[in-house]
Amino acid sequence: MDIQNRTILIVGLGLIGGSVARALKIANPDQIVLASDSYQESLRDAIEDGVIDESGALAEVCGRADLVVLAVPPLIATALLPEIAASVRPGTVVTDVGSVKSRIVECANTLDAVFQSHFIPGHPIAGSEKSGYGASRADLFQNRNVILTPRPGNTPSALAMVNSLWRLTGAHVLGMSLANHDRVLAATSHLPHLLAFAIVDVLVKQEQSEDIFRYAAGGFADFSRLASSDAKMWSDIFVANASATAVVLDDYIEDLQLLKAAIVAQDHARLMQLCSGAKKARDNFVNKYFSGKTQTIMTKEILDFHVQPGGHIGGSLRVPGDKSISHRAIIFGSIAQGVTHVKGFLEGEDALNTLAAFRELGVTIVGPEKGELTIYGVGMHGLQPPRRALDMGNSGTAMRLMAGLLAAQPFACELSGDESLNQRPMRRISDPLQRMGARIETTGSGTPPLKIQGGPLKGIDYQLPMASAQVKSCVLLAGIYAEGETRVTEPAPCRDHTERMLSGFSYPISVEAGGRVCRLQGGQELRACDIDVPADISSAAFFLVAAAIVPGAELHLQHVGVNPTRTGVITILRAMGANISLTNEQLAGGEPVADITVRGGALKGIVIPEDQIPLAIDEFPALFIAAACASGETILHGAEELRVKESDRIAAMAEGLQQLGVVTETYPDGIRIVGGQLGGGTVESRGDHRIAMAFAIAALRAKAPIVIRDCANVATSFPGFLELARQAGLGISASQRQD
Ligand code: S3P
């Protein structure tokens with residue numbers, strides 16, 4: 001949304017309000033910025049500095065504004081909001097910047113309905129212990145997070161306007177639910193400020209306080225910096241967020257009592273345990289979140305898995321949400337009209353990078369909170385030009401699908417990835433997109449980064465050269481924007497989540513020839529819907545194999561997606577003699593799901609039917625372990641696609657299996673595995689999540705421990721793998737390694 005020719009009013013020209021005004025004027029010197037404040041001096045200075053154009057009494061300037069930014073302490077904000085509501089024109093958008101959201105929303109809820117639908121609560125996570133207009137800076141929000149806590153009743157254009165305002169200041173716009181915001185901020189901001197005020201207060205009251213302050217070293221200065229913050233504002237915040245702050249304060253008081261007891265008892269071990277735990281946790285989050293890369297979630301640590309041989313497998317598990325469906329839920333929810341609710345979302349790094357990319361494209365998304373997302377769709381034509389290259393991390397799916405979507409947008413962008421993704425073939429998508437009229441460039445070797453200059457596209461009739469759902473989905477995503485019909489024919493059935501989800505979002509698509517051909521007309525709309533993401537069969541596959549290879553095992557996997565284009569792993573394992581049964585089969589949000597029970601027993605090697613390859617494309621690392629534990633040989637041909645996944649999975653698996661003493665022979669398009677006894681040893685995952693998890697389950701039938709190197713990328717698809725694997729019966733642990 002273009003806010004540059006709108007009139008913006010800042011109410012409260014302090015540190016935050018002044019910094020917003022400065023940033024807006026830098027982004028666009030012609031932007032009209034009005035202000036209202038009780039400090040006439042600040043207003044005069046700001047006019048002199050060219051930071052605002054005019055000031056006036058609150059009611060008067062409210063009547064002239066298109067967008068009001070309420071930037072005063074929380075208790076003053078609740079006092080002013082009714083007056084603002086009474087003075088603005090209907091349709092004027094109002095946002096605030098308070099560090100506590102529930103109070104202001106309770107206040108807004110008492111005001112008229114049109115005002116409520118145009119009130120978007122916000123909170124920039126930026127500031128300083130300094131306060132007032134004099135401390136304001138144009139770059140205060142640059143690369144900082146701003147949290148919006150919208151509600152489904154908010155008018156989409158109002159939300160888009162507030163989102164655009166913060167984009168202009170250089171901030172990243174995140175979304176959170178109201179309750180979660182106040183709980184999280186109580187812990188991460190309100191408690192530390194309270195403690196800083198408290199420690200200074202305690203020291204001031206000591207008899208030798210002068211000496212204490214005179215000799216105070218850097219630690220005290222660091223710790224007490226926050227106590228120089230604005231006293232009025234922070235008293236307001238503590239009162240406004242009293243209940244959430246009291247809860248976390250109680251936890252802290254409990255910890256202090258424990259620490260005191262440990263000190264009095266001179267319990268060095270207890271102190272060491274607490275301090276080293278806290279140090280490790282802080283070092284980890286600094287590394288993960290403060291490394292200067294705010295968009296992408298980067299797994300910086302180098303993790304190795306250590307798995308003990310043997311073990312029993314049993315119990316009942318639910319593995320995390322489906323990765324393919326999670327990516328698509330964000331993509332379609334973002335370009336739909338209306339609000340999409342997603343549950344069961346995969347909070348793995350791949351899907352989180354897609355989420356971050358759509359936030360960068362101007363979409364407001366609340367969550368994930370316990371697997372739930374609320375996506376405030378911007379419609380087919382509402383995406384905003386990204387301000388930087390979009391980093392798709394490790395995910396080929398995200399890059400290929402987004403390329404189709406972005407090729408049709410009226411702006412330029414660049415898509416990049418990690419070391420593995422930057423080696424994966426992209427001509428398979430740039431070729432059809434270019435045929436549609438797209439301007440898209442790869443490197444000379446056909447790999448990322450992708451440089452896309454979006455523009456109008458024309459529908460094509462495309463025969464996929466390989467059975468790839470990513471390529472099919474890329475062309476269909478471009479097709480919904482293209483002029484005329486887009487028709488895609490696949491050589492063999494591959495996963496159809498895009499087709500199902502387009503229908504779920506009410507986009508007309510016809511699927512013919514048993515799913516092999518799909519057709520759609522460009523230029524229609526998507527309408528928001530609710531999505532229930534089933535557990536990912538590709539993650540469940542490791543446990544299917546784990547139970548299948550351990551005689552006597554019995555494992556239940558709950559609510560697993562069993563879309564027929566994904567169940568090759570079940571067909572192949574059954575052909576090898578595995579005992580797998582499905583119960584509770586039902587449709588959840590257009591996708592078939594079931595509970596799966598696997599009982600362990602003897603497996604036999606087979607020739608894998610080629611028609612099953614696209615239906616089990618991600619499950620081969622796990623299936624190769626089943627083959628290594630089976631009697632006789634397993635032979636696979638026609639699977640050259642495995643060579644261009646997150647790693648060359650044929651080479652990576654063959655190398656690891658040989659390391660464990662298993663006889664293998666590789667072909668350009670497959671592998672022969674001779675089943676037998678697995679030994680122990682060290683294997684390389686090549687940074688591929690599925691290779692790492694496959695060798696973890698191999699230990700169940702190994703004679704000696706297995707160490708798997710470079711496993712951090714398991715977090716791309718399967719957060720919580722270690723815990724679930726332990727719960728199922730694996731003796732697995734992880735260690736960190738320095739590069
Ligand atoms: C996916 C399709 C498959 C699969 C990938 C996810 C998708 O890739 O390997 O993990 O979500 O469309 P291809 O379609 O390229 O084989």
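Look at where the Cα atoms of the range 383-399 and of the range 1-38 average out, and the two centres are 30 Å apart. Put in line by how crowded their Cβ is, counting other Cβ atoms within 10 Å and starting with the fewest, Trp166, Trp234 read Trp234, Trp166.
Projected label points at Val663 and Ala492, each 7 Å from Cα along the beta carbon direction, are separated by 2.7 nanometres.
Label 7 Å along Cα→Cβ of Gln40; the range 77-119 residues with amide nitrogen under 13 Å? None, by backbone N distance to the label point.
Here the Karplus curve 6.51 cos²θ - 1.76 cosθ + 1.60, taken at θ = phi - 60°, turns the phi angles of the range 417-425 into couplings of x, 7, 4, 5, 5, 5, 10, 8, x Hz, with x standing for Gly and Pro. Taking packing as the residue-averaged number of other Cβ atoms within 10 angstrom, the listed peptides 221-229, 138-146, 644-652 run from highest to lowest as 644-652, 138-146, 221-229.
In this simple spin-label approximation, Asp255 and Phe411 carry label points 7 Å from Cα along the Cα→Cβ vector, and these lie 4.0 nm apart.
Full extension of the segment from His312 to Asp222, taken as 0.36 nm per residue of separation minus the current Cα-Cα distance, would add 27.3 nm.
By its C-alpha gyration tensor, with a ≥ b ≥ c as the square roots of the eigenvalues, how is the chain shaped: rounded for a/c under 1.5, else prolate for a/b larger than b/c, else oblate? Write out the running numbers ahead of the final one.
On the way: a/c = 2.35, a/b = 1.42, b/c = 1.65.
Because a/c hits 1.5 or more and a/b fails to exceed b/c, the chain counts as oblate.
Between His556 and Glu441, the FRET efficiency from the beta-carbon distance, with R0 = 45 Å, is close to 0.40. Phi angles across the range 60-73 convert, under the Karplus curve 6.51 cos²θ - 1.76 cosθ + 1.60 with θ = phi - 60°, into 3J(HN,Hα) values of 5, 5, 4, x, 9, 8, 8, 9, 10, 10, 8, 10, 10, x Hz, Gly and Pro given as x. Residue ranges 472-484, 376-388, 403-415 sort as 472-484, 403-415, 376-388 when ordered by packing (mean number of other C-beta atoms within 10 Å per residue, highest first).
Could you work out the helix-only [θ] at 222 nm for the chain, with each DSSP H run of four or more residues adding -39,500 (n - 2.57) and the total divided by the number of residues, to the nearest 500 deg cm²/dmol? Working shown, then result.
Values: 27 runs with 285 residues, N = 739.
Rounded to the nearest 500, the figure is -11500 deg cm²/dmol.
Residues whose amide H comes within less than 5 Å of that of Asp710, counting only those at least five positions distant or on another chain, are Leu303, Asp304, Phe305 (H built at 1.01 Å from N in the peptide plane). Extension gain, Gln463-Asp267: 0.36 nm per intervening residue step, less the Cα-Cα distance, totals 63.4 nm. On the basis of the beta-carbon distance and an R0 of 22 Å, Lys370 and Phe285 show a calculated FRET efficiency of 0.65.
Express in nm, to one decimal, how much length is gained between Ser157 and Ser735 on full extension, taking 0.36 nm for each residue of separation and deducting their alpha carbon distance.
Details: separation 578, 0.36 × 578 = 208.08 nm, distance 4.85 nm.
Additional length available on full extension: 203.2 nm.
Where does each of 242-250, 34-42, 656-664 land if you order them by average Cβ count within 10 Å, highest first? List each step's numbers first, then the result.
On the way: 242-250: 15.6, 34-42: 18.2, 656-664: 19.8.
So the order, starting with the most tightly packed, is 656-664, 34-42, 242-250.
Whole-Hz Karplus values for the range 42-51 come out as 4, 4, 4, 4, 5, 5, 4, 6, x, 7 Hz, taken residue by residue from phi with 6.51 cos²θ - 1.76 cosθ + 1.60 and θ = phi - 60°; glycine and proline positions read x.
Would you mind counting up the charge near Phe305? Only other residues with Cβ under 11 Å from its Cβ, with Lys and Arg at +1 and Asp and Glu at -1. Display every interim value, and only then the final one.
Values: positive: Arg709; negative: Asp304, Asp710.
With Lys, Arg at +1 and Asp, Glu at -1, the neighbours total -1.
With R₀ set to 41 Å, the beta-carbon distance separating Gln434 from Ser510 gives a calculated FRET efficiency near 0.95. Residues of the range 124-148 with an amide N closer than 15 Å to a point placed 7 Å from the Cα of Val184 along the Cα-to-Cβ direction: 124-126, 144-148. Modelled this way, with points 7 Å down the Cα-to-C-beta line, the labels at Asp611 and Arg599 are 2.9 nm from one another.
Filter the cross-link list Lys288/Lys645; Lys130/Lys279; Lys205/Lys279; Lys323/Lys370; Lys130/Lys232 down to pairs whose alpha-carbon distance in this structure exceeds 18 Å. Kindly include the intermediate steps, with their values, before the conclusion.
On the way: Lys288/Lys645 25 Å; Lys130/Lys279 28 Å; Lys205/Lys279 30 Å; Lys323/Lys370 16 Å; Lys130/Lys232 13 Å.
Over 18 Å Cα-Cα: Lys288/Lys645; Lys130/Lys279; Lys205/Lys279.
Bear in mind these aren't lab numbers, they're just calculated from the coordinates by the rules spelled out. In this text the structure is predicted, and so the values were computed from the model without any measurement. Backbone-built Cβ (ideal geometry, glycine too); neighbour counts: all protein chains shown.
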